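Colleague: My questions all concern the structure below.
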């Protein structure tokens, strides 16, 4: 019987990803599984065809977006989604994600997304490891600034900010 070995691909020069690899490697080694690193430049991972071409066994990178962003989640979790790099396909979940993209009512959209996410989680579509902390620093005189951990960033509600005297 051969040894079980997985290759871990991610970007080089990222201390958090290197530490994550070390932790996973240590845990897998304790049960007899080899986990070998493949640290490559972001240009090669994202622009050189490694990620999009499926040239990986396990891969770590970041997705960012809003928690109810149905318009972006179809591309990640839908069948043939343009960011579904693992080519996973559950037709029921994909149909729900597709419908969520065009559902304007937030409560109805959230229900569709939740149902799809339960299906995908049951299939271990991907394994979210952690959420990176987001920070928003501002003067105490600035009122209304709120942290937003999505692609919108820290100025997402700048039109509501005010300056206290």
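Colleague: Taking only DSSP H segments of four or more residues, each worth -39500 (n - 2.57), what value at 222 nm results for the chain once the sum is divided by all its residues, to the nearest 500 deg cm²/dmol? Numbers along the way, then the final one.
Modeller: On the way: 5 runs with 57 residues, N = 165.
Value at 222 nm, helices only, nearest 500: -10500 deg cm²/dmol.
Colleague: Taking Cα atoms, how many degrees apart are the long axis of helix 15-29 and the longest axis of the chain, rounded to 10 and kept between 0 and 90?
Modeller: Value to nearest ten degrees: 40.
Colleague: So, one more: Just want to confirm a number: the relative contact order over region 72-165, from Cα pairs under 8 angstrom separated by 6+ residues, in percent.
Modeller: On the way: 101 pairs, mean separation 15.5, N = 94.
It rounds to 16 percent for region 72-165.
Colleague: How would you rank 141, 99, going from fewest to most other Cβ atoms within 10 Å of each one's own Cβ?
Modeller: 141, 99
Colleague: With angles folded into 0 to 90 degrees, how steeply does helix 91-101 sit against the dominant principal axis of the chain? Use alpha carbons for both and round to 10.
Modeller: Its long axis makes an angle of about 20 degrees.
Colleague: For Rg and Dmax of the Cα atoms in Å, the choices are (i) 19.5, 73; (ii) 16.1, 50; (iii) 21.4, 79; which was calculated from the structure?
Modeller: Comparing each candidate, only (i) matches the computed number.
Colleague: What's the angle, to the nearest 10 degrees (0 to 90), between helix 106-122's Cα axis and the longest principal axis of the chain?
Modeller: Its long axis makes an angle of about 10 degrees.
Read-outs: derived from the displayed coordinates by stated rules, not from any lab. The structure displayed is predicted, hence computed values, not measured ones. Note that we place each Cβ from the backbone using ideal geometry, even for glycine, and neighbour counts take in every protein chain shown.
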